[in-house]
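One structure is given here, and the rest of the page talks about it.
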Amino acid sequence: MATWDHSADLVIVGSGGGALVAALAAAEAGLRPLVVEKQPLVGGSTAMSGGVVWLPNNPVMRADGVADSHEAGLAYLADAVGDVGPASSPQRREAFLTAGSQMVSFLQREGVQLIRCPGYSDYYPNHQGGNAEGRSIEPVPFDARKLGEWHDKIMPGMARYIGLAVKTNEMRSLQYYNRAPKPFVIAGRAWLRTQVARLRGQELLTNGASLIAQVVAALLRRDVPIWTGAAFEELIMEDGRVAGVGLKQGGGRVLVEARRGVLLAAGGFGHNAEMRRKYSGEQPNEAQWSMANPGETGETLDAAIRLGAKTDLMDEAWWLPSPARVLGMNTLGQARQRPGAILVNAGGERFCNEANSYVEVGKAMYAHNAVPAWLIFDDANRRRYVHTGRRPGRLPQEWIDSGGVKKADTLADLARQIGVEAARLEATVERFNAGARRGVDPDFGRGQSAYNQCLGDPGYKPNAALGPLDRPPYYATEIFPADVGTCGGLLTNEHAQVINEGGDIIPGLYATGNITATVLGRTYLGAGASIANTMVFGYVAARHVAGQAAAQSGSQAEVA
Ligand SMILES: Cc1cc2nc3c(=O)[nH]c(=O)nc-3n(C[C@H](O)[C@H](O)[C@H](O)COP(=O)(O)OP(=O)(O)OC[C@H]3O[C@@H](n4cnc5c(N)ncnc54)[C@H](O)[C@@H]3O)c2cc1C
């Protein structure tokens, strides 16, 4: 038997959305949770993210009177995800939707403020149950000073790099501030919010950082301990169940008893090159392309696998097609959704609807010999949009000089520079232009869905997501299948319990988030689906642990 240094009811590994929501739900249920995070800052990829949460028929939508239903959510999962096996079983889908709504109400009761992202369409609005008005919600801006000594312990979020306290649903408009009155007003509002916060001396967090900070605030109110610099190393079994964990903390080994269970919420293995090679087959997955938080290194997942846990979807990730990192901060990754730009493969051919979701385009890159793909755009595109910094039309000369962006007066010359057959590229652009001038894409239907429209240029006619490339010079840059985390991993049931190779649960072991095989299968359903996946099953795990504990103390009372 282990000699424990500490004891908690539920030990939670990681401090992303799933971990912290689980800790809050466990504390609310009267348990004593402990959060252990190996990095000095809390929040993981959840804090770095847009902080958007996608949940059908959620209470925030209902309060705003947006039409939706549980049945429509189930229909959407059935139609868009299809049959991908037990990770997205009917029971897990049911749990995701039912507990999802409950979780949002729970967070609101705990003081977490969430608002709708109006107009941020589901990614497959034309599928059965799809919702064009959108099911995404996000946190309101939050002043980090309210966290007291915790104010500087939150992983920096997206807005930090943009330099504006901008909400995620506003970011769509920010890039088009020069294109139409509405985005100009939205961008102005974000700028004003930032200035006012500065004058008031506030540290205004938005996006994922606000989401994490608001949940941390609720945890502090409930006195839940969060250990940083505490790295999980091993699961400890006693009497056939997971009884605790071994941690590395301050150079020493610390054993923590988990009286009711252990929840693994440590993210995937985006940055573990060896695991990515092992589980990706022939697919050229590169850990160096991952934008997940640096803690996503897979050792926790590996420990569960060594214990006999079953896995699925291990070759999957939340793909995010992106240009080479050396170009620095830019919007070229979003250029595929704007008029005057296309993606082509090594054969100089288009291979997908470029304006579709990042996960779908990433998968299409693998399927169509497009790793890397080439983003091709013309000078009209260059002039219209903000590619880097704040001014439209700016394409730094060093990008051209370094070869990071190729530039040519003719498509034939551009083709030569990128090693594509000139006639092929010219034919591709000619065919695309013929449709684009009429606002249609007969090959891939780009610009036809509400999702394509909501990310397109609101000032461009006849189609916000589609326009010809006909003004030289022309430009090309490589696009890689980067990701914001892997999303294959431990198979879990509808209670978030980890399943072993024999199909039984591993007693005492729960998991959520990117360390699991996701309920979304191989599809991304809407903005915030990944954070919903981790938060909901974290909530489910805590509720299940609390239910088991209550049942156990009930039967003990009967015996007494
Ligand atoms: C820039 C960016 C934008 C994104 N935008 C969105 C969005 O708007 N909506 C959306 O749904 N998704 C978004 N994503 C993806 C989403 O953030 C992640 O998929 C999700 O947050 C993963 O949650 P998680 O709980 O599994 O892990 P994380 O939030 O990554 O948390 C895992 C934590 O576990 C810790 N950990 C790892 N190993 C150990 C160990 N051995 N011991 C202790 N701790 C450990 C890590 O350090 C990390 O802090 C985005 C991601 C990025 C990077």
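Rule-based calculations on the coordinates, nothing more; no lab input. For clarity, every value in this text was computed on a predicted model and none was experimentally measured. Cβ: placed from backbone, ideal geometry, glycine included. Neighbour counts: every protein chain shown.
On full extension of the chain, what length is gained from A422 through R221, given 0.36 nm per residue of separation minus the C-alpha to C-alpha distance? Write out the running numbers ahead of the final one.
Values: separation 201, 0.36 × 201 = 72.36 nm, distance 6.40 nm.
Roughly 66.0 nm would be gained on extension.
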- Note on the structure: Quick shape summary for the chain, equivalent ellipsoid via Cα gyration tensor, semi-axes whole Å in descending order, reads 42, 25, 22
- Item | Euclidean distance of C-alpha centroids, segment 197-265 and segment 1-60, integer Å | 6
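Expressed in nm to one decimal, what extension gain is obtained for the pair S402 and H70 from 0.36 nm per residue of sequence separation less their Cα-Cα distance?
114.3 nm
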- Task: Using only C-alpha positions, report the orientation-averaged shadow area of the convex hull of segment 255-313, nm², one decimal.
- Result: 5.2
- Task: Report P(r) for segment 291-399: all Cα-Cα distances, bin width 10 Å, range 0 to the bin holding the largest distance, values in whole percent.
- Result: 13, 35, 28, 15, 7, 1
- Task: Please compute P(r) over all alpha-carbon pairs of segment 203-304, binned at 10 Å starting from zero, and give each bin as a whole-number percent.
- Result: 13, 31, 34, 19, 2
- Could you pull the Rg and Dmax for segment 42-95, using just the Cα atoms, both in Å? 13.9, 36
- In nanometres, the difference between 0.36 nm per residue of separation and the alpha-carbon distance of T228 and Q113 is 38.9 nm
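Just need the Rg to Rh number for segment 110-249, please, alpha carbons only, Kirkwood Rh.
Values: Rg = 19.7 Å, Rh = 17.9 Å.
Across segment 110-249, the Cα-based Rg/Rh ratio is 1.10.
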- Message: Taking 30 Å as R0, compute the FRET efficiency from the Cβ-Cβ separation of Q91 and A551 and round it to 0.05.
- Response: 0.95
- Answer in debye to the nearest 20: the dipole magnitude of the chain about its Cα centre, from +1 Lys/Arg and -1 Asp/Glu charges placed on Cβ, is 2000
- Note on the structure: Charge tally for neighbours of R32 with beta carbon under 13 Å away, counting Lys, Arg as +1 and Asp, Glu as -1, is -1
- Taking 7 Å along the Cα-to-C-beta vector as the label spot, tell me the A197-D409 distance in nanometres, rounded to one decimal. 4.8
- Message: With bins 5 Å wide starting at 0, give me the P(r) of segment 337-462 over every alpha carbon pair, in whole percents.
- Response: 2, 10, 18, 23, 22, 17, 6, 0
- Over segment 133-181, one equal point on each Cα, no solvent: what is log10 I(q)/I(0) by the Debye formula at q = 0.25 Å⁻¹? -1.08
- Please give the per residue volume of the convex hull enclosing the alpha carbon atoms of segment 454-497, rounded to a whole number of Å³. 161
- Task: For segment 1-107, go through all pairs of different Cα atoms, get the mean of 1/r, take its inverse, and jot down that Kirkwood value in Å.
- Result: 16.3
- Local electrostatic count, T300, Cβ distance below 13 Å [Lys/Arg +1, Asp/Glu -1]: -3
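Normalised radius of gyration for segment 97-149, please: alpha carbon Rg relative to 2.2 N^0.38 Å, two decimal places.
1.47
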- Query: Once Rh for segment 356-425 is found with the Kirkwood sum over Cα pairs, what is the Stokes-Einstein diffusion coefficient at 37 °C and 0.692 mPa s, in µm²/s?
  - Reply: 236
- Please give the net charge around E478, taking every other residue with its beta carbon less than 12 angstrom from that of E478, where Lys and Arg add +1 and Asp and Glu add -1. +2
- Rounded to the nearest whole number, the per residue volume of the convex hull around the C-alpha atoms of segment 398-520 in Å³ is 210
- Could you check the simple spin-label distance between R471 and W4, using points 7 Å along Cα→Cβ, in nm with one decimal? 6.8
- Report, in whole Å, the centroid distance computed from the Cα atoms of segment 493-525 and segment 83-143. 19
- Item | Taking the C-alpha atoms of segment 184-242, convex hull volume expressed per residue in Å³ | 166
